[in-house]
Ligand code: DC
């Protein structure tokens, strides 16, 4: 199916559909967003990669991650570009392709720290709004349905129990065959700390939008969760345009 398909008309004139996917780490957002994008012929945009790229720059500059003024100044001289690809997005930091440098634990932790600052969020939100303004996208993050695109046609809040998310992350990191070795408990603890920071920051904390459909994948396989997400989008597409996402959530 193509994004040009008339069923992808949006409630906003002149724009095609936006699917907002939010939720904590390890809930399966990236995979589900990628699969939804491919299924419905939309572009997949991972906003977390933008926070990660900025965190990488701050780490490279040796800037303390709690120095809000320093981070703000750094942001003013930083260019981040997100290019949708077949699988992952390509991320350019000041023109350098840093895609392969963003998934390690140090950058992961730093991204969560730099993302608490309002000035950084205002900058990122503006970039993300520009990226998605024409629609035809699945945008994935923490505040897409609440702040970046509060009028997105479909909002899904993906969640799962912290232990389940932690074990998924542990497997992604290489599980018991990983060198140097890590323990699942360490990964779960780390994920809880990031959850806590993401959910309690003063500016746009992680939460489900009032009109989001909450999809809890605790007891689902990834395939089941993907199918449930496809069904949510399909249900929205089959509704007349005057029925908003509010009704979907109920
Ligand atoms: O989705 P991710 O794990 O790549 O995100 C990395 C960090 O970036 C995450 O800890 C919180 C932050 N983030 C955010 O605050 N808002 C977004 N829209 C996306 C990510």
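Here, each number is a calculation from the coordinates, and none is a lab measurement. Bear in mind the structure is a predicted one, so any value in this text is a computation, not a measurement. FYI the Cβ positions are ideal-geometry reconstructions off the backbone, even for glycines, and counts take in every protein chain you see.
Normalised by the number of residues in the chain, what is the relative contact order in percent for Cα pairs under 8 Å and 6+ residues apart?
About 29 percent, as a whole number.
Once the Cα atoms of helix 118-132 and of the chain are each reduced to a long axis, what angle between those two axes, in degrees from 0 to 90 to the nearest 10, is obtained?
The angle comes out near 40 degrees.
If I fit a long axis through the Cα atoms of helix 184-200 and take the longest principal axis of the Cα atoms of the chain, what angle between them do I get, 0 to 90°, rounded to 10?
70 degrees
Quick one: grab the alpha carbon gyration tensor of region 177-232, order the square roots of its eigenvalues as a ≥ b ≥ c, and give me rounded if a/c is under 1.5, else prolate or oblate depending on whether a/b is larger than b/c.
oblate
Could you give the length gained on full extension between residue 197 and residue 181, defined as 0.36 nm per residue of separation minus the Cα-Cα distance, in nm?
Difference between extended and current length: 3.2 nm.
Of all DSSP beta bridges in the chain, what percent run antiparallel (nearest 5)?
So the antiparallel bridges in the chain amount to around 30 percent.
Treat the count of other C-beta atoms within 10 Å as a stand-in for reagent exposure and order 131, 102, 158 from fewest to most.
131, 102, 158
Per 0.36 nm of contour for each residue apart, how much would the distance between residue 221 and residue 94 grow if the chain were fully extended, relative to their Cα-Cα spacing?
Extra length from residue 221 to residue 94 when fully extended: 41.9 nm.
Is region 100-250 best put as rounded, prolate or oblate by its Cα gyration tensor, with a ≥ b ≥ c the root eigenvalues, rounded for a/c under 1.5, and otherwise prolate when a/b is larger than b/c, oblate when not?
Cα axes put region 100-250 in the oblate bin.
Would you mind classifying region 84-171 by shape? Square roots of the alpha carbon gyration tensor eigenvalues, ordered a ≥ b ≥ c; an a/c under 1.5 is rounded, otherwise it is prolate if a/b is larger than b/c and oblate if not.
Rounded.
For the chain, what does the helix formula give at 222 nm: sum of -39500 (n - 2.57) over DSSP H segments with n ≥ 4, over the residue count, nearest 500 deg cm²/dmol?
Dividing the helical sum by the residues of the chain leaves -13500 deg cm²/dmol.
Mind sorting 19, 125 by how few other Cβ atoms lie within 10 Å of their own Cβ, fewest first?
125, 19
On C-alpha positions alone, give me the angle between the axis of helix 222-237 and the longest principal axis of the chain, in degrees, nearest 10.
On a 0 to 90 degree scale, this one is about 40.
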